[in-house]
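The values are calculated or read from the model by the stated rules, or taken from the named source; none is laboratory data. These numbers come from a predicted model, not from an experiment. Cβ placement follows ideal geometry from the backbone for every residue including glycine, while neighbour counts extend to all protein chains displayed.
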There are 2 protein chains.
Amino acid sequence: MSAAAKSSGPGTDVNSDPLGIVCGAGTFPIAVAEAVQRRGRPVVLLALRGFADPGVERFPHEWMPFGAFGTSVKLARKHGVRDLVVIGSVLRPKLLDFRLDWTTFRILPRLARLYRGGDDHLLSGVASLLDDYGFHLMGVHEVAPELMIPAGVLGAHRPSAEDETDIALGFDLLRALGPFDVGQAVAISARRVLGVEAAEGTAGLLSRLAEMRNSGRLMLPARAGVLVKAPKPGQSKRIDVPAIGAETVAQAAAAGLRGIAVEAGGTIVPDANAMVRAADQAGLFLIGVPLREEGRR
Amino acid sequence: MSAAAKSSGPGTDVNSDPLGIVCGAGTFPIAVAEAVQRRGRPVVLLALRGFADPGVERFPHEWMPFGAFGTSVKLARKHGVRDLVVIGSVLRPKLLDFRLDWTTFRILPRLARLYRGGDDHLLSGVASLLDDYGFHLMGVHEVAPELMIPAGVLGAHRPSAEDETDIALGFDLLRALGPFDVGQAVAISARRVLGVEAAEGTAGLLSRLAEMRNSGRLMLPARAGVLVKAPKPGQSKRIDVPAIGAETVAQAAAAGLRGIAVEAGGTIVPDANAMVRAADQAGLFLIGVPLREEGRR
């Protein structure tokens, strides 16, 4: 263990050691790196080869072969990294595509078990695995809370009373799905469930809606329905927090929806200004809904 | 009301008056008509123009313009029909596409209310509407129980222990979705929820799985996962009972699944022999799972 790998209890300077950012696909890892640097903490980007955006090279970084767990641990320790965040999508890779090193080989039975279940199961297993190797997994809400979507209407458009009914139904449905470790988004129109996200992802759900409307399979008024998105209940905020952006707005507009409701504080929006601008232009509302302790209604 | 429209209490001859079969799309209405005739009861097929299969003309029938409720009531009464079954899919038509007659016009506010909700809401509303006009809505399980899928393994292939775990999880998930009036099928592989059916229908769910596997978005062993299908909990067995057939087997095979589990007695299979033959050839298992009163495990 490096000397920097000290427990960061209350009162200690948590910012002295660099934050390790494990970078999957997309530009969200870069937005997080910028936000953490703005707060004065150094970063090291641990970029998954084949997944991470080349933009990570603007920061202190290491490229890591996916699956080479032992190498990755050594690289992180070399930089004195103890706190880690994991950002960006990684399509569940085939186990056999892993570039195995010796450490990975030793933990393989454990990884294989993680694969036998939903994404939550996989990801929370990864968290406890990292813990065993002396790393502390943190969430974006801890290292860059300004990237989480706030509560309230975010743009120029507001949900109607009917939209609010659909939004409440959507959050109820997402909560009922929680024990099954299934998707993070649903689409509702006039109290009818149009779609439920599972392995296809939010973009897949929205393109399906667009397709069903274009083909006449789904006949609705010109603008109808809301996308409701939230972390799975009980989902660790430390990994796989849902993320949205301007492209989500574009997809929702293509699906003919009226707006997007997300759980406030539970969703990353790397560039809120761009997203609000896109929503305003597309005529969609955008609202962050605070989680109620018992029953979001 | 025709003279035949008598209450058919216990002990009366329920087979004297013809059964009215409201025919949506597909050949299922014809399979039901044949089965009812085999049992010795006369039928009248009330074929929805633009939806019903031309094969309905082999039977006593009337073509009905969709939405012309008053005309349809008169035609049914002309034949002495009192008991009705409603079979075959009808994509939710736009309200404005209805060929309105005066009776429809009077019930329009009621129809509009029915449209504000899920399919269950729409269909149970239709049942109570028919009731008000003196018709008795029956289910396929009442008029042709031999068309419902029986309990047990139906073909040459059997689910593995792991498949059975996935099947139990699938039924649990379908039950959790019940209050939300959402789809009738889910796909599960190794305890992971791959897809949840909503407005896209079972064929839509299966083609999405095939696509995700072909594109590499979903990486699974060559044959993995089960389709689990059941009526929504609390769903009236009198309308919109899920139906499967050889084409469902073909779609499940294209999606790379290992088999299909359906609730025994809760799903119509118009040609069980053809379906079992298709499953045997494709190497898929096919099982009817009896509903347990409290908790299907």
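Scan the range A:189-204 and give yes if some residue there is in a loop (DSSP other than H, G, I, E, B), of a type in the set (S, T, N, Q) and under 23 Å from the mean Cα position of the chain (by Cα), otherwise no.
If we filter the range A:189-204 for residues that are in a loop (DSSP other than H, G, I, E, B), which is where we start, we get A:190-191, A:197-200.
Still in the list and also of a type in the set (S, T, N, Q): none.
No; the residues of the range A:189-204 include none that is in a loop (DSSP other than H, G, I, E, B), of a type in the set (S, T, N, Q) and under 23 Å from the mean Cα position of the chain (by Cα).
Those residues that are part of a loop (DSSP other than H, G, I, E, B) and either among the hydroxyl-bearing types (S, T, Y) or at pLDDT 80 or above (or both), I need them from the range B:52-66; list them, please. Show your work before the answer.
Looking only at the range B:52-66, we keep the residues that are part of a loop (DSSP other than H, G, I, E, B), and these are B:52-53, B:59-60, B:65-66.
If the condition is that a residue be part of a loop (DSSP other than H, G, I, E, B) and either among the hydroxyl-bearing types (S, T, Y) or at pLDDT 80 or above (or both), then B:A52, B:D53, B:F59, B:P60 are the ones that fit.
With respect to A:R208, determine if the residue is part of a loop (DSSP other than H, G, I, E, B) and at pLDDT 90 or above.
So A:R208 does not fit the description; no.
If we scan the range A:158-175, do we find a residue that is out of contact with any Gly (no Cβ under 7 Å at 6 or more places or on another chain), at the interface with chain B (Cβ under 9 Å from one of its Cβ atoms) and among the basic types (K, R)?
For the range A:158-175, residues out of contact with any Gly (no Cβ under 7 Å at 6 or more places or on another chain), at the interface with chain B (Cβ under 9 Å from one of its Cβ atoms) and among the basic types (K, R): absent.
Which residues, taken from the range A:26-45, are in a strand (DSSP E or B) and in contact with a Cys (Cβ under 7 Å, 6 or more places away or on another chain)? Before you say what the answer is, go through the steps one by one.
Taking the range A:26-45 first, the residues in a strand (DSSP E or B) are A:43-45.
Scanning the range A:26-45 gives a single hit, A:L45.
So in the range B:179-193, with the set limited to residues that are modelled with pLDDT under 90, within 9 Å of chain A (Cβ to nearest Cβ) and surrounded by 17 or more Cβ atoms within 10 Å (Cβ to Cβ), which one is farthest from A:A168 (Cα to Cα)?
B:G183
Among the numbered criteria (1) surrounded by fewer than 20 Cβ atoms within 10 Å (Cβ to Cβ); (2) within 29 Å of A:V32 (Cα to Cα), which one does A:S215 miss?
(2)
If I filter the range B:270-279 for residues that are in a loop (DSSP other than H, G, I, E, B), modelled with pLDDT under 90 and more than 14 Å from B:A156 (Cβ to Cβ), do I get at least one hit?
Step one: filter the range B:270-279 for residues in a loop (DSSP other than H, G, I, E, B), giving B:270-271.
Among the residues that remain, those that are also modelled with pLDDT under 90 are: B:270-271.
Next cut, more than 14 Å from B:A156 (Cβ to Cβ) only: B:270-271.
Yes: one or more hits.
At least 1 residues that are modelled with pLDDT under 80 and in contact with an Asp or Glu (Cβ under 8 Å, 6 or more places away or on another chain) in each: list the helices (runs of 4 or more DSSP H) lying fully within the range A:67-153 that qualify.
Counting at least 1 such residues, we get A:69-78, A:119-132.
Quick one: in the range B:256-281, of everything that is surrounded by fewer than 21 Cβ atoms within 10 Å (Cβ to Cβ) and of a type in the set (S, T, N, Q), which residue is farthest from B:Q184 (Cα to Cα)?
B:Q281
Might you check whether a residue that is modelled with pLDDT of 95 or more and touching a helix residue (DSSP H, G or I) at 6+ places or on another chain (Cβ under 6 Å) occurs anywhere in the range A:229-246? Explain how you work it out, then say what you get.
Just the residues of the range A:229-246 that are modelled with pLDDT of 95 or more, to begin with: none.
No: zero hits.
Give me the pairs: first residue in the range A:194-217 and free of Cβ contacts under 8 Å to residues at least 60 places away in the same chain and more than 7 Å from chain B (Cβ to nearest Cβ), second residue crowded, with 22+ Cβ neighbours inside 10 Å and in a helix (DSSP H, G or I), beta-carbon distance under 7 Å, and six or more apart or on different chains, which are they?
Partner pairs satisfying both residue conditions: A:E197/A:L205; A:T202/A:T248; A:L206/A:A252.
So is B:P221 without any contact (Cβ under 8 Å) to a residue 60 or more places away in the chain, within 10 Å of another protein chain (Cβ to nearest Cβ) and closer than 23 Å to A:P179 by Cβ or not?
Against the criterion (without any contact (Cβ under 8 Å) to a residue 60 or more places away in the chain, within 10 Å of another protein chain (Cβ to nearest Cβ) and closer than 23 Å to A:P179 by Cβ), B:P221 does not qualify.
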